[in-house]
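Novice: One structure, pasted below without further comment.
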Amino acid sequence: MADALERLQKQRAVYTSWQRTRNRTQRTAPGRAAFLEKLADEADPERKWSEAQRQAAAEQGHRAHMLRMSELAAEARKAKAKKNGNGR
């Protein structure tokens, strides 16, 4: 019971924090930058490419990531439809 209450309190705190955030883009910028850097490091782990090449690779990696997320969402919708008897 205490775990459930603690989870609800933390969730409320998160929602309150986002409610008070005026500039969401600015707040999430460090996370986006870190993710793009991770993708660049995956493409060029030895850091031998120019910064422009690393940035282009990171952008391509981001597109690939988003497509994978879309695929997973489509698979989930298909499975849910099949479970509910609406599958084709």
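Bear in mind these aren't lab numbers, they're just calculated from the coordinates by the rules spelled out. Predicted model only: the values in this text are computed from it and were never measured. All Cβ positions, even for glycine, are placed from backbone atoms using ideal geometry, and neighbour counts span all protein chains on display.
Novice: Would you kindly work out the equivalent ellipsoid of segment 2-83 from its C-alpha gyration tensor and give its semi-axes, the square roots of five times the eigenvalues, largest first in whole Å?
Specialist: 32, 23, 12
Novice: Tell me the mean residue ellipticity at 222 nm calculated for the chain from its helices only (DSSP H runs of n ≥ 4, each -39500 (n - 2.57), averaged over every residue, nearest 500).
Specialist: Result for the chain, helices only: -28500 deg cm²/dmol.
Novice: Pairs of alpha-carbon atoms within less than 8 angstrom and 6+ residues apart define the contacts here; what relative contact order does segment 2-83 have, in percent?
Specialist: Over segment 2-83, the number comes to 21 percent.
Novice: Now, a different point. So the label point goes 7 Å from the Cα of ARG32 along Cα→C-beta, right? Which residues of segment 53-76 then have their backbone N under 14 Å from it?
Specialist: Residues 59, 62-63 qualify, since their backbone N sits under 14 Å from the label point.
Novice: Among 23-33, 40-50, how do they line up by average Cβ neighbours within 10 Å per residue, starting with the highest?
Specialist: Ranking, from highest mean packing down: 40-50, 23-33.
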